[in-house]
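Working notes, structure below.
The values are calculated or read from the model by the stated rules, or taken from the named source; none is laboratory data. Bear in mind the structure is a predicted one, so any value in this text is a computation, not a measurement. Here the Cβ is made from the backbone with ideal geometry for all residues, glycine too, and neighbour counts use every protein chain on show.
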């Protein structure tokens with residue numbers, strides 16, 4: 001069986017057709033060069049660009065020729081692997097998580113469950129014994145839960161129109177779960193990889209360990225849909241330390257998995273043209 005470190009790593013959500021459609025809804029121009037998506041945002045007469053989670057060599061000469069047409073003055077590059085490309089400098093402000101956690105969904109449910117930490121398994125058994133249930137695809141309810149959670153933590157979330165654009169763009173490749181109107185999680189799918197994209201919950205939900213139940217039920221749902229890999233979409237990385245990420249990183253690591261480290265975020269200034 002192929003190692004999870006390399007398994008389907010190229011299937012990042014940022015390079016999916018659905019994500020491209022979503023970015024267009026948000027006002028970004030989507031360029032496609034050699035099966036790679038490049039996102040361009042016009043800022044008046046000028047523009048910025050981002051190239052994210054590509055795999056393999058990038059034809060930079062061709063890319064820069066295209067960026068010049070849109071008067072792009074700044075290009076951000078966040079690959080899945082590789083060295084810093086010529087002309088780019090390392091950025092202290094990554095746009096995406098520079099480290100993530102992946103769980104192999106190919107084994108049986110029992111084997112996946114047994115890979116969780118002891119505390120996680122105990123919390124899940126207690127919730128299951130108490131007959132706690134999750135509801136699927138109540139997208140409006142999830143947004144309200146997420147909004148309350150973000151307000152409590154003073155975090156930003158996209159406005160309803162942007163959220164709805166995400167749901168519409170992904171269609172059958174998005175699903176969400178909610179529990180007791182207290183906690184929720186939204187997952188995006190690209191080919192055989194499912195991404196734990198958004199989540200939120202109340203204080204009570206955290207005390208009752210409802211997020212644990214959501215992740216486990218979402219993993220089982222993803223497995224039913226044919227997904228082979230679960231991606232937690234970012235964990236704490238000491239190279240770019242953000243103390244606020246330590247709490248949810250501890251939570252995510254309770255589900256086992258393998259850590260995947262990305263090279264980071266690189267930037268190139270293209271001014272003057």
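Scanning segment 126-135 for residues that are under 28 Å from residue 245 (Cβ atoms) and surrounded by fewer than 15 Cβ atoms within 10 Å (Cβ to Cβ) returns a single hit, 126. The set of residues from segment 228-242 being in a loop (DSSP other than H, G, I, E, B) and under 16 Å from residue 186 (Cα atoms) comprises 232, 233, 234. Every test in (1) out of contact with any helix residue (DSSP H, G or I) (no Cβ under 9 Å at 6 or more places or on another chain); (2) not in a helix (DSSP H, G or I) is passed by residue 144 save one, and that test is (2).
Does any residue of segment 243-261 turn out to be closer than 30 Å to residue 49 by Cα, out of contact with any helix residue (DSSP H, G or I) (no Cβ under 9 Å at 6 or more places or on another chain), in a loop (DSSP other than H, G, I, E, B) and in contact (Cβ under 8 Å) with a residue 12 or more places away in the chain? No, every residue in segment 243-261 fails to be closer than 30 Å to residue 49 by Cα, out of contact with any helix residue (DSSP H, G or I) (no Cβ under 9 Å at 6 or more places or on another chain), in a loop (DSSP other than H, G, I, E, B) and in contact (Cβ under 8 Å) with a residue 12 or more places away in the chain.
Applying the set (1) assigned by TED's automatic domain parsing to the domain that holds residue 192; (2) surrounded by 15 or more Cβ atoms within 10 Å (Cβ to Cβ) to residue 119 leaves exactly one unmet item: (2). Comparison of 217, 162 shows that the only residue that is crowded, with 18+ Cβ neighbours inside 10 Å, out of contact with any helix residue (DSSP H, G or I) (no Cβ under 7 Å at 6 or more places or on another chain) and assigned to a helix (DSSP H, G or I) is 217. Scanning segment 201-214 for residues that are in contact with a strand residue (DSSP E or B) (Cβ under 9 Å, 6 or more places away or on another chain) and in a loop (DSSP other than H, G, I, E, B), we see that the one that is nearest to residue 113 (Cα to Cα) is 208. Residue 34 meets all of the listed conditions (1) closer than 26 Å to residue 169 by Cα; (2) touching a strand residue (DSSP E or B) at 6+ places or on another chain (Cβ under 8 Å) but one, namely (2).
Applying the condition of being modelled with pLDDT of 95 or more, farther than 25 Å from residue 167 by Cβ and crowded, with 16+ Cβ neighbours inside 10 Å to segment 22-59 and asking which residue is nearest to the chain's Cα centre (by Cα) yields 51. Working only within segment 147-159, note down all residues that are assigned to a helix (DSSP H, G or I) and either surrounded by 14 or more Cβ atoms within 10 Å (Cβ to Cβ) or in contact (Cβ under 8 Å) with a residue 60 or more places away in the chain (or both). Of everything in segment 147-159, those that are assigned to a helix (DSSP H, G or I) and either surrounded by 14 or more Cβ atoms within 10 Å (Cβ to Cβ) or in contact (Cβ under 8 Å) with a residue 60 or more places away in the chain (or both) turn out to be 147, 148, 149, 150. Take residue 87 and decide whether it is surrounded by fewer than 17 Cβ atoms within 10 Å (Cβ to Cβ), touching a strand residue (DSSP E or B) at 6+ places or on another chain (Cβ under 6 Å) and more than 30 Å from residue 220 (Cα to Cα). Judged against the criteria, residue 87 is a match.
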